[in-house]
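The values are calculated or read from the model by the stated rules, or taken from the named source; none is laboratory data. Computed from a predicted structure; not experimentally measured. Because the Cβ atoms are built from the backbone with ideal geometry, glycine has one as well, and the counts that use them run over all protein chains shown. With ligands, DNA and RNA removed, areas are computed over all heavy atoms of the protein, side chains included. Shrake-Rupley method; radii C 1.70, N 1.55, O 1.52, S 1.80 Å.
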Amino acid sequence: MDRDLVALLGFVGMFVLMALRVPIGVSMGIVGVAGFASITGLRPGLNLLANVPLSVLTDYNLSVIPMFILMGAFATHAGMSKELFAAGYVWLGHRTGGLALATIVACGGFAAINGSSVATAATMSQVALPEMRRAGYDPGLAAGLVAAGGTLGIMIPPSVIFVLYGFMTETDITKLFFAGVVPGLLAIVFYILVVRFLGWRYPTIMPRGPVHTWRERIGSLQGLWAVIALFLFVLGGMYFGFFTVTEAAGCGAIGTLIIGMVRGRLGPTEIKRALIDTLRVSSAIMMIVVGAFLFGYFLTITQFTQKAVVFLTELPIGAYGVLAVVMIGYFILGAVMDELAMILLTVPIVFPAMMQLGFDPVWFGVIIVMAVTFGLVCPPVGMNVFVINSIARDIPLGSIYRGTFPFIAVDIVRLIILCAFPAISLWLPGLMEK
């Protein structure tokens, strides 16, 4: 059978399995092994199944993923997210849309010590969403705000998506982390502007909260030292070369554990829950990574990857025209696929093409991470939306999706700005080379 046809049937089979609710990692793994075996024979296919999972799961560089997840789990169970929101509420709650502003700031702060978008959304939906609903906020808008705020978890470092992108493309992960800082802050500013506009235009959907005294405001800042210290410790250590990314992840997890124990926030029960949460999330991620590698070997042997690179680079629309086509492709995939699977499945195809077109690998990492964030809040999948709906079941999915639309609009504007001005992303990484 023609190898192009085999590759096409492989993609169709993978999406059929996903539609049948087979886990994404398993779907990619099944198709990858079966497709590889159909071309090379059963024995090589079984050898692939035996060797790839072992080589992936024992790769030292990938140990950074569970360590950063553990850091976020310890921070969650130590109540750091509640302290971030409480401080934002005291300082901003008396303004129109104040609770929404506090939620955005808290999402950004929590993203600085947690590398997962879904975890950020899940945590803040339990901390901030009930408060906004009690204050009389429109439920759909409040939930949509939390879903959009959760996307900051994979842009502001540390980020699991940046780790995977750097691992697959051999790009400096430390530079990727610092490249995400300014775009992440830009996202916070844009979300704040959206809230301010909606609060001005529709004040009834975002009522004001009580005014707090300056004594209460100053007191609310006392609990933020832990988050600030962890962020500076991890990012500062990497920036000045005190430790590698993997060492930073381990040090960050241990540092969060020590701070939580010293403050009396992490007892044996909380530590056990954090470890279980980390094991659950890390296992799911590693399953997707293994499946993507199996599928990648299948695509390589069909020469689909090489042909796709040639096709993209030879399109008569210029480098930025090809980039626009790739971004549209990510928007479409984001509607049906998990962000991790998108990165693992597509980067081996689009990255070589982008490099041949002359784009910077660090800058493209920021752009591609931004593109996959749309899939977290866009219908019909929207992982963040589903997570929030599972927690607040009385808020319909349609209402949550409508609540995300204003934030999706400004995200598109932010993506265009970052494409037009690469220096926004490359400024901080450039300082590391001086």
Checklist outcome for this item: Ile113 passes all but one of the listed conditions (1) open to solvent by less than 10 Å² (accessible area, probe 1.4 Å); (2) β-branched (Val, Ile, Thr); (3) touching a residue at least 60 places away in the same chain (Cβ under 8 Å); (4) in a helix (DSSP H, G or I); the exception is number (4)
Checklist outcome for this item: Flagged pairs (Cβ under 7 angstrom, 6 or more apart or on separate chains; first in segment 163-174, more than 16 Å from Ala248 (Cβ to Cβ); second open to solvent by 50 Å² or more (accessible area, probe 1.4 Å)) are Met168/Pro348
Checklist entry - within 17 Å of Met286 (Cβ to Cβ) and either open to solvent by 10 Å² or more (accessible area, probe 1.4 Å) or part of a loop (DSSP other than H, G, I, E, B) (or both) - does that describe any residue in segment 76-86? => result no
Checklist entry - Does Thr346 satisfy the condition of being closer than 21 Å to Ala34 by Cα, without any contact (Cβ under 8 Å) to a residue 40 or more places away in the chain and either in contact with a helix residue (DSSP H, G or I) (Cβ under 9 Å, 6 or more places away or on another chain) or surrounded by 15 or more Cβ atoms within 10 Å (Cβ to Cβ) (or both)? => result yes
Item to check | For Val105: the one exception among (1) over 14 Å from Ser81 (Cα atoms); (2) over 13 Å from the mean Cα position of the chain (by Cα) | outcome: (1)
Item to check | Residues of segment 50-75 satisfying the condition of being farther than 29 Å from Trp225 by Cα and surrounded by 18 or more Cβ atoms within 10 Å (Cβ to Cβ) | outcome: Val52, Pro53, Leu62
Next on the checklist: Checking Val181 against (1) open to solvent by 10 Å² or more (accessible area, probe 1.4 Å); (2) in contact with a Cys (Cβ under 8 Å, 6 or more places away or on another chain): exactly one of these is not met. Which one?
Outcome noted: (2)
Checklist entry - Of the numbered conditions (1) open to solvent by 10 Å² or more (accessible area, probe 1.4 Å); (2) over 19 Å from Leu164 (Cα atoms), Val362 satisfies every one except a single condition; which is it? => result (2)
Next on the checklist: Restricting to segment 304-331, and then to whatever is in contact (Cβ under 8 Å) with a residue 60 or more places away in the chain and either touching a helix residue (DSSP H, G or I) at 6+ places or on another chain (Cβ under 6 Å) or of a type in the set (Phe, Trp, Tyr) (or both), can you tell me which residue is most open to solvent (accessible area, probe 1.4 Å)?
Outcome noted: Tyr320
Checklist entry - Among the residues of segment 190-228, which ones are under 17 Å from Gly108 (Cα atoms) and exposed (fewer than 14 other Cβ atoms within 10 Å of the Cβ)? => result Leu193, Leu221, Trp225, Ile228
Next on the checklist: Pairs needed: first member in segment 48-68, under 22 Å from Asp277 (Cβ atoms) and of a type in the set (Ser, Thr, Tyr); second member anywhere, assigned to a helix (DSSP H, G or I) and modelled with pLDDT of 85 or more; C-beta distance under 7 Å; at least 6 residues apart or different chains.
Outcome noted: Ser63/Thr246
Next on the checklist: Tell me yes or no: at least one residue of segment 36-48 is buried (at least 24 other Cβ atoms within 10 Å of the Cβ) and not polar (S, T, N, Q).
Outcome noted: yes
